[in-house]
Every structure is written in C-alpha cells, then in structure tokens.
Amino acid sequence: GKYAPVEAVRGDFPILKKKINGKPLVWLDNAATTQKPFAVIDALNRYYTGYNSNVHRGAHTLARLSTEAYEAARERVRGFIGASSQEEIIFVRGTTEAINLVASSWGSINIRQGDEILLTAMEHHSNIVPWQMLMRARQAVIKVIPINARGEVMLEEYRKLLTPRTRLVSMTHVSNVLGTINPVDIMTEMAHEHGAHVMIDGAQSVPHMRVDVGRINADFYAFSGHKAYGPTGIGVLYGKRALLDKMPPWQSGGGMIKDVGFDKTTYSGLPYKFEAGTGNIADAVGLGSALEYLEKIGMDNIERHEKELTEAAMHSFSRIPGVRVIGTSPNKTSVISFTIKGVSPENAAKYLNQEGIAVRAGHHCAQPALAAYGLKSCIRASLGVYNSMEDIELLVKSVGKISRGM
Ligand code: PMP
C-alpha cells in the first residue's frame with residue numbers, strides 16, 4: 001500500500017494543532033509516549049457514554065456489550081502481533097507489568113540457585129530491575145550481552161554467554177535509546193538451541209514495525225498501549241500457551257478463579273488466570289481501536305516512513321560540528337539520541353521547547369546503555385507516524401543553532 005499522506009495522518013491527532021510558546025507543536029517524544037488519534041479518543045467516549053459495564057458475560061445488556069468489546073480488543077491484539085490464540089494474550093498495565101508478571105510467575109518455578117539470565121547492555125530499567133530482584137531472591141546470576149560502538153548486540157559474545165545454566169534471555173526488540181533493531185529471531189533460535197527461554201520487550205517495536213510473534217518464536221513478548229497510540233494503563237503480555245498453562249497465577253482475587261472455598265481454590269483458564277480483578281476495560285477497547293488505526297495505515301508503510309525520517313536526521317546530524325549521535329547501526333528505527341558539545345542535554349531540550357519541539361533529555365531509563373558511551377544523559381528525538389520531513393528539518397535547524405551557540 002501507499003503511505004497515507006502525512007498531512008492526513010496529522011489531521012487525525014487533535015493535539016498536534018496545539019501551539020507551544022507560540023510555535024506549532026513538534027512532538028518528538030514518541031518513545032516516551034505517543035499522541036492519540038480521534039479513533040482512540042472517540043472509542044473511549046463511545047465506551048463511557050454507550051456501554052460502560054464490568055465484564056461478566058450474560059448478566060445484562062451492557063455487560064454483554066462491554067465483554068464483547070473487551071474480547072474483540074483481545075482478538076485485535078492477537079491478530080496484530082500474529083499470536084495463534086486469544087488465550088495467549090494477557091491484558092496488563094504495560095510492558096513493565098508484563099515483565100514483572102513473567103519474572104514473578106515463570107521465575108518462581110524456573111529459576112534456581114546458580115541459574116543464569118542474559119540481558120543485553122541496552123535494556124530499559126524495566127527489563128533489568130525485575131530480573132535483579134528475582135536474582136537476589138533465588139541467588140541466580142545475571143550476565144550482560146555487550147554491545148559494540150554502533151550500539152549493536154555482539155552476537156559472538158552472546159554465543160559465548162549461552163551455557164547449560166542459561167534459563168532465560170530477556171532483551172529489547174528495539175532500543176529506546178539507541179534505536180537499534182535487534183536480530184531477535186536469530187537470538188531466540190540461539191537461546192532455544194541451549195534450552196533457554198526468551199522474553200522480548202516490544203515497547204519500541206510494536207508501534208514502529210510489523211511484529212510477528214509466531215515468526216520470532218519467542219516465548220514471551222510484551223508491549224505498552226500508550227506507546228502504540230493507545231491509552232495509558234493498558235498493555236499486553238503474549239506468552240506461549242504451553243508455558244502460561246504451567247505458570248502459577250501472579251496476582252489473585254476475583255476474575256481469576258473457577259471455584260473458591262476457604263480450604264481450596266481452583267483457577268480460571270487462560271488468559272483469565274493472569275487477569276485478577278476488574279481489568280482496564282475501556283483502555284483495552286481503546287488499544288483495539290489504536291491497532292485498527294495502525295493496520296489501516298499499514299505497519300510496513302509506517303516502518304518505511306519512519307526509517308526515511310530517521311536516516312535523514314542521522315545524515316544531517318553527522319554534518320553538524322559538535323553533535324555526537326549515540327546508536328549508529330544501519331539497522332535502526334525511530335530513535336535518534338545525541339549530545340551537543342558544550343551544551344547540557346537539559347539546556348538543549350529547554351531551547352528546543354522554546355521552538356515548540358518536544359524532545360526528552362536525561363538517561364531515558366537506560367543508564368547502563370548510556371554508561372557504555374561514557375554518558376549520564378543525552379537528548380533523544382523519537383519519531384512517530386505523524387512526524388514529517390518538516391519536523392526533522394526544524395529539529396536539525398534548531399540543533400545547528402544550539403551547536404553554534406544560538
Ligand atoms: N521497555 C522499553 C524499551 C521502553 O522504551 C519502555 C518505556 N520507556 C518500557 C520498557 C516501559 O514501558 P512502560 O513504562 O509503558 O511499562
């Protein structure tokens with residue numbers, strides 16, 4: 001298909017009409033969160049004005065409608081990431097909660113003293129800290145797969161780290177600070193050859209490229225709705241059914257049980273076993289609408305568009321004296337992190353904000369990745385479906401001014 005003209009896409013996002021400091025908003029903080037199209041805003045409005053109810057099949061008309069919409073959203077997610085069954089799609093709060101679920105539940109029956117967990121050097125803190133807590137509780141060991149100067153996983157080093165003690169490899173699909181697209185299919189196959197399971201953090205991949213969990217063959221895959229143009233507070237854990245079946249419930253309470261007595265409780269089947277309490281029904285429905293919206297534009301088209309903008313920004317930045325880009329793999333998308341000589345990232349971001357440009361300055365919840373470049377902080381411009389070549393040109397022009405001392 002053809003990419004919908006970016007002007008048409010921009011028209012779907014009301015917030016982009018805002019002026020910031022008298023200038024049109026240029027939203028380049030998409031890796032933190034994305035803006036919402038009318039498709040999502042209207043879906044939330046329709047839910048609350050038309051059929052808000054708790055989900056319990058068959059109780060009454062609104063319960064039937066909300067249950068149908070909730071399960072239709074689950075089916076939309078299933079299709080979007082290529083899972084084979086709805087039972088493998090668990091609604092959670094976001095990527096962070098998904099990783100915590102796996103660390104707690106899967107970890108409780110699979111990680112013992114001396115077992116090894118591999119993480120890459122470019123992980124977001126949410127794919128480090130839950131494993132560290134598990135490691136402490138179980139006296140297991142975390143090993144780090146190093147990255148090269150371009151910000152790519154070193155596959156030969158990874159191969160050496162895989163041992164019979166490796167239980168799990170947990171890695172990001174796309175780095176939120178380097179933009180690197182990791183070869184997760186190859187890395188998953190290598191892990192499986194060693195009998196290790198694989199968890200993939202898809203927070204920065206699902207919104208930017210076609211993801212097929214069946215093809216990647218990872219055991220777990222997580223993403224956040226709010227980074228994929230959906231609402232906050234909703235996300236997804238995909239897990240292979242055979243593994244989820246064996247895992248104990250994580251949180252417990254209503255909704256996840258079949259029968260409860262004071263002496264004994266039996267649990268619901270998948271996916272409800274992992275969805276204790278009233279779920280985030282409205283936002284799940286909103287996420288379904290966001291994914292439907294992305295499908296209409298086409299993920300391949302979105303990937304091509306963002307790649308074109310990423311390459312343009314990388315090319316222009318390479319010609320500005322004093323600008324250092326972190327993450328220079330040719331295999332990257334949608335994230336451009338950089339420093340400007342003699343200017344703190346925080347001050348640079350403040351100046352860009354005066355121009356209406358929203359970027360993030362800081363450690364981006366990936367302190368070890370920045371440390372690999374000797375940095376504590378950098379500026380990050382991250383792209384989304386509505387960014388245009390004009391946005392990139394304005395960013396480049398403004399960064400050029402900052403580098404010349406304004
Ligand atoms: N992993 C990556 C790669 C991320 O970019 C983020 C969000 N910055 C997260 C995990 C955490 O996502 P959330 O805060 O939505 O749980």
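The values are calculated or read from the model by the stated rules, or taken from the named source; none is laboratory data. Since we're looking at a predicted model, the values are computed, not measured. A quick note on method: Cβ atoms are made from the backbone with ideal geometry, for glycine too, and the neighbour counts reach across all protein chains shown. The protein model used for the area step is the full one, side chains on, heavy atoms only, and it has no ligands, DNA or RNA in it. Shrake-Rupley method; radii C 1.70, N 1.55, O 1.52, S 1.80 Å.
Structural remarks
- Whole-Å distance, taken between Cα centres, linking region 303-334 and region 169-194: 21
- Average accessible area per residue (Å²) across region 88-149 - probe 1.4 Å, nucleic acids and ligands excluded: 37
- For the chain, calculated [θ]222 nm from helices alone, where every DSSP H run of n ≥ 4 adds -39500 (n - 2.57): -11000 deg cm²/dmol
- Accessible surface, per residue, of region 165-255 when the full set of protein chains is kept, probe 1.4 Å, Å²: 30
- In the chain, Cα pairs under 8 Å separated by at least six residues give a relative contact order of 23 percent.
- GNM flexibility winner over the chain from S175, S66, S224 (Cα, springs under 10 Å): S66
- Short-range pairs are left out: with C-alpha atoms under 8 Å and at least six residues apart, the relative contact order of region 302-371 is 22 percent.
- Rounded percent of accessible protein surface that carbon and sulfur make up, region 1-124, 1.4 Å probe: 54
- Multiplying the residue separation of T265 and I109 by 0.36 nm and subtracting their alpha-carbon distance yields 54.2 nm.
- Beta bridge orientation in region 78-224: antiparallel %, DSSP, nearest 5: 10
- For region 198-239, the residues whose backbone nitrogen is under 15 Å from a point 7 Å from the Cα of E189, taken along Cα to Cβ, are 214-218.
- Global geometry of region 153-289, whether rounded, prolate or oblate, following the gyration tensor of its Cα atoms and the 1.5 cut on a/c: oblate
- C-alpha center-to-center spacing [region 1-54, region 208-270] in angstrom: 27
- Surface analysis of region 365-406 yields an accessible area of 40 Å² per residue, using protein heavy atoms and a 1.4 Å probe.
- Additional length obtainable on full extension of the chain from L161 to N21, 0.36 nm per residue less Cα span: 45.3 nm
- Heavy-atom accessible surface of region 296-406: percent carbon and sulfur, 1.4 Å: 52
- With kT/(6 pi eta Rh) evaluated at 25 °C and eta = 0.890 mPa s, and Rh the Kirkwood radius from Cα pairs, region 1-149 diffuses with a coefficient of 124 µm²/s according to Stokes-Einstein.
- Order by protection proxy (mean Cβ within 10 Å, highest first), peptides 195-207, 256-268: 195-207, 256-268
- Residue with peak Gaussian network fluctuation, the chain [Cα springs, cutoff 10 Å], from A72, A228, A349: A72
- Between the amide H of V177 and any residue lying 5 or more places away or on another chain, no distance stays under 5 Å, with hydrogens modeled in the peptide plane.
- Kyte-Doolittle mean at least -0.5 and Cα axial length at least 15 Å: DSSP H helices in the chain: 61-81, 281-297, 389-403
- Note that the chain shows a convex hull volume over its alpha carbon atoms of 144 Å³ per residue.
- Student exercise, the chain dipole from Lys, Arg, Asp, Glu Cβ charges, in Debye to nearest 20: 900
- Net charge contributed by nearby residues that have their C-beta within less than 12 Å of I340 (K/R +1, D/E -1): +3
- Across the accessible surface of region 169-258, with the other protein chains kept in place and a 1.4 Å probe, carbon and sulfur atoms take up 49 percent.
- Among K350, K160, K341: highest mean-square fluctuation, GNM of the chain, C-alpha pairs under 10 Å: K160
- Relative contact order for region 273-406, counting Cα pairs under 8 Å that sit 6 or more residues apart, in percent: 25
- For a modelled paramagnetic label at K246, 7 Å from Cα along Cα-to-Cβ, the residues of region 77-108 in reach, with backbone nitrogen under 15 Å, are 105-108.
- Of all beta bridges that DSSP places with both ends in the chain, some 60 percent have antiparallel geometry.
- Prolate/oblate/rounded label for region 190-271 (Cα gyration tensor, a/c 1.5): oblate
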